[in-house]
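*Asks:* What follows is a single structure, and I will ask about it in a moment.
The values are calculated or read from the model by the stated rules, or taken from the named source; none is laboratory data. Bear in mind that the values here come from a model prediction, so they are computed numbers and not experimental data. Because the Cβ atoms are built from the backbone with ideal geometry, glycine has one as well, and the counts that use them run over all protein chains shown. Ligands, DNA and RNA are excluded from the accessible area calculation, which covers all protein heavy atoms including side chains. Shrake-Rupley method; radii C 1.70, N 1.55, O 1.52, S 1.80 Å.
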Amino acid sequence: MTQIPWKFAILLAAFAAAAGAQQQRAVAVISIDGMRPDHVLQADRHGLKIPNLRRMLRDGAHATAMRGVLPTVTYPTHTTMLTGVWPDKHGIAMNLPFDPERRNQDGWYWYAEDIHAPTLWEAASRAGYIVGSISWPSSIGAPGVQFNIPEFWRASTTEDLKLLHAISTPGLVQEFQKTVGPYTVDLDAAEAGDWMRTRYAIAMIKLKRVRFLTLHLAALDHVEHATSPFSRDSLKALEEIDRMVGQLETAIREVAPGAAFCVLSDHGFAQVDHALNLNVAFVKEGLMTLNPNPTKKTSALLEWKAAPWIASGSAAILLKDPKDGAVRKHVETLLRSLAANPQNGIERILDAKEIAALGGTPEAAFWVDMKTNFAIGTALAGPLAQAVAVRGVHGYAPTHPELQASFLIVGPDIRKGLDLGTIEMRNVAPTLAKLLGIPFPSAPLPALPVLQTAAPH
């Protein structure tokens, strides 16, 4: 058999990839942070004017509810949606790395190198897709993302924008800002920030021919935290986001009429009016020893034996020495005592087996899950339990109905009016992979039956 020269073989592979790209189904994934299923399913009850999301509900497939991960916070959930595995496998266990001594200055899991599982970005890129992403959690340096503007902030000043230029695809932000306007780093800019991210996403679709897009919109989450879910301001924010959704779908369909357009969320929300300062109990029990003279360069603690890793609605409890049976027993006795007092607002204490069943980090010895009108505060001193101003919180175990997330998808060959019932967040990645027409064997759950036919076009 005649051997094909290796250079010619590379050219043939390139032509094959290009030909395959012509047959690719474009897929746009829009995450609306904090959108509950009943925002859309019960829009009339809340007086919501969201015509684009309601059209997706009517013309496509949707989940009645999507169960998230432990804990129901933004970075672990977004990573699960792109990997198809729980935090115990992908490694993004919380929004912020564990830092009981508070030395990391509130740094988050911004970096893709902390993801320890294959991502759809990588798989789509290997299949010849042009991949773009804007403000997706844990995306700095993400392999496979050709056009990347990751989520990152520090001081939320113009200095942050300079750093964003450095960590994004070289020259991309500077190129777009000439016609689209300056990029908004501050996630607290709410609707204005989401409109800017929307315009940049449209520019990616039109100017860079991105055909697998991931976009994170954060305004609803910000307003819900400040005012509580279903407040007038939060409903207004979602109505504004609905207009963004309409523009994004129009943009992708202008260049790829057969595109699958997916809108989902990372978690729901609960309204709280009380807080439990769990750290205070650990300090009182001698499990954490405060530094009487902390500075920016010194630890908040002199010593710790066990400490909470707080996710607002719940907290993982980590032991400094997991083999120390005496400390483990001390912690368990403390937690059971706190849970026995209803004034502390604890729903239940999860042990290691229960944590594993929900996919939480194996580093946790215990997990404190709160009732949904209680948050966990971060104070090291002061009252143990207290009333707080009404606001919105998430981060509980995914078993609470209020914390369930949303999933809607529409396209020419997506089944119309399909109610998928309750799905798992781990279903998202294999479903998107099937729509992209790419293998994704690392995801343990099957794709959802959203297609009219099994064959991609």
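*Asks:* Answer yes or no as to whether R232 is closer than 23 Å to A26 by Cα, over 21 Å from the mean Cα position of the chain (by Cα) and of a type in the set (D, E, K, R). First the steps, then the outcome.
*Replies:* On the way: closer than 23 Å to A26 by Cα: no; over 21 Å from the mean Cα position of the chain (by Cα): yes; of a type in the set (D, E, K, R): yes.
No: the conditions fail for R232.
*Asks:* Here's a follow-up. Would a scan of the stretch 156-176 turn up a residue that is surrounded by fewer than 19 Cβ atoms within 10 Å (Cβ to Cβ), of a type in the set (A, V, I, L, M, F, W, C) and not in a helix (DSSP H, G or I)?
*Replies:* The answer is no; no qualifying residue exists.
*Asks:* Now a separate question. How many residues, within the stretch 354-378, are surrounded by 18 or more Cβ atoms within 10 Å (Cβ to Cβ) and polar (S, T, N, Q)?
*Replies:* 2
*Asks:* Looking for whichever is hydroxyl-bearing (S, T, Y) and within 23 Å of the chain's Cα centre (by Cα) here; the options are T179, T169, T157. Which one fits? Break it down stepwise before answering.
*Replies:* On the way: T179 fails: within 23 Å of the chain's Cα centre (by Cα); T157 fails: within 23 Å of the chain's Cα centre (by Cα).
Being hydroxyl-bearing (S, T, Y) and within 23 Å of the chain's Cα centre (by Cα) holds for just one of T179, T169, T157, which is T169.
*Asks:* Could you tell me how many of the residues in the stretch 238-255 are within 23 Å of P150 (Cβ to Cβ) and open to solvent by less than 40 Å² (accessible area, probe 1.4 Å)?
*Replies:* Matching residues across the stretch 238-255 total 6.
Conditions tested, residue by residue: (1) under 19 Å from H225 (Cα atoms); (2) assigned to a helix (DSSP H, G or I).
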site	(1), (2)
R25	no, no
H39	yes, yes
L53	no, yes
I92	no, no
A117	no, no
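*Asks:* Follow-up. I'm trying to understand the selection: among the residues of the stretch 183-198, which are in a helix (DSSP H, G or I), open to solvent by less than 20 Å² (accessible area, probe 1.4 Å) and either in contact with a Gly (Cβ under 9 Å, 6 or more places away or on another chain) or more than 18 Å from V245 (Cα to Cα) (or both)?
*Replies:* M196
*Asks:* Looking at the stretch 348-391 only, could you name the residues that are of a type in the set (D, E) and not in a strand (DSSP E or B)?
*Replies:* Of everything in the stretch 348-391, those that are of a type in the set (D, E) and not in a strand (DSSP E or B) turn out to be D351, E354, E363.
*Asks:* I'd like to know if the stretch 392-406 contains one or more residues that are in a loop (DSSP other than H, G, I, E, B), of a type in the set (F, W, Y), touching a residue at least 60 places away in the same chain (Cβ under 8 Å) and open to solvent by less than 40 Å² (accessible area, probe 1.4 Å). Show your work before the answer.
*Replies:* So in the stretch 392-406, the residues in a loop (DSSP other than H, G, I, E, B) come out as 394-400, 404, 406.
Still in the running and of a type in the set (F, W, Y): 396.
Filter once more, keeping what is touching a residue at least 60 places away in the same chain (Cβ under 8 Å): 396.
Now drop any that are not open to solvent by less than 40 Å² (accessible area, probe 1.4 Å), which leaves 396.
Yes, that holds for at least one residue.
*Asks:* Only strands (runs of 3 or more DSSP E) wholly contained in the stretch 249-326 count here; list those with 2 or more residues that are modelled with pLDDT under 95.
*Replies:* 301-304
*Asks:* Evaluate the stretch 220-231: report whether one residue or more is crowded, with 21+ Cβ neighbours inside 10 Å, out of contact with any Asp or Glu (no Cβ under 7 Å at 6 or more places or on another chain), in contact (Cβ under 8 Å) with a residue 12 or more places away in the chain and not in a helix (DSSP H, G or I).
*Replies:* Scanning the stretch 220-231, I find at least one residue that is crowded, with 21+ Cβ neighbours inside 10 Å, out of contact with any Asp or Glu (no Cβ under 7 Å at 6 or more places or on another chain), in contact (Cβ under 8 Å) with a residue 12 or more places away in the chain and not in a helix (DSSP H, G or I), so the answer is yes.
*Asks:* For the stretch 330-383, give me each residue that is of a type in the set (S, T, Y) and free of Cβ contacts under 8 Å to residues at least 60 places away in the same chain.
*Replies:* Listed by number, the residues that qualify are T333, S337.
*Asks:* Here's something else I'd like to know. Taking the criterion of being touching a residue at least 60 places away in the same chain (Cβ under 8 Å), at positive phi, open to solvent by 60 Å² or more (accessible area, probe 1.4 Å) and in a loop (DSSP other than H, G, I, E, B), would at least one residue in the stretch 94-103 satisfy it? Even if it seems obvious, please write down each step before you answer.
*Replies:* Taking the stretch 94-103 and keeping what is touching a residue at least 60 places away in the same chain (Cβ under 8 Å), we get 94-95, 98, 100-103.
Add one more test, that the residue is at positive phi, and what stays is 102.
Okay, now just the ones that are also open to solvent by 60 Å² or more (accessible area, probe 1.4 Å), so 102.
Remaining after also requiring in a loop (DSSP other than H, G, I, E, B): 102.
Within the stretch 94-103, one or more residues are touching a residue at least 60 places away in the same chain (Cβ under 8 Å), at positive phi, open to solvent by 60 Å² or more (accessible area, probe 1.4 Å) and in a loop (DSSP other than H, G, I, E, B).
*Asks:* Same structure, new question: Quick one: would you say P71 is modelled with pLDDT of 95 or more, outside any loop (DSSP other than H, G, I, E, B), in contact with a Gly (Cβ under 9 Å, 6 or more places away or on another chain) and closer than 18 Å to I376 by Cβ?
*Replies:* no
*Asks:* Also, quick follow-up: Within the stretch 249-263, can you find the residues that are in contact (Cβ under 8 Å) with a residue 60 or more places away in the chain and either more than 21 Å from the chain's Cα centre (by Cα) or more than 10 Å from L435 (Cβ to Cβ) (or both)?
*Replies:* E249, I252, V255, A256, P257, G258, A259, F261, V263
*Asks:* May I pose another question? What pairs can you find where one residue is in the stretch 173-186 and within 20 Å of S156 (Cβ to Cβ), the other is among the polar types (S, T, N, Q), and their Cβ atoms are less than 7 Å apart, with a gap of 6+ or different chains?
*Replies:* The qualifying pairs are Y183/Q177; V185/S156; D186/S156.
*Asks:* How many of the residues making up the stretch 425-453 are open to solvent by 40 Å² or more (accessible area, probe 1.4 Å) and closer than 23 Å to L358 by Cβ? Write out each step before concluding.
*Replies:* Kept after step one, since they are open to solvent by 40 Å² or more (accessible area, probe 1.4 Å), are these residues of the stretch 425-453: 434, 437, 439, 441-442, 444-446, 449, 452-453.
Going one step further and asking which of them are closer than 23 Å to L358 by Cβ, we end up with 442, 444-446.
Adding up the residues that qualify gives 4.
*Asks:* Test of understanding: among A443, A454, which residue is modelled with pLDDT of 95 or more and either more than 23 Å from H400 (Cβ to Cβ) or not in a loop (DSSP other than H, G, I, E, B) (or both)?
*Replies:* On inspection, the qualifying residue turns out to be A443.
*Asks:* Among the residues of the stretch 407-425, what is the count of those that are outside any loop (DSSP other than H, G, I, E, B) and either within 22 Å of A270 (Cβ to Cβ) or in contact with a helix residue (DSSP H, G or I) (Cβ under 9 Å, 6 or more places away or on another chain) (or both)?
*Replies:* Qualifying residue count for the region: 9.
*Asks:* Tally the residues that are out of contact with any helix residue (DSSP H, G or I) (no Cβ under 9 Å at 6 or more places or on another chain) and closer than 28 Å to G268 by Cβ, restricting the search to the stretch 313-334.
*Replies:* 2
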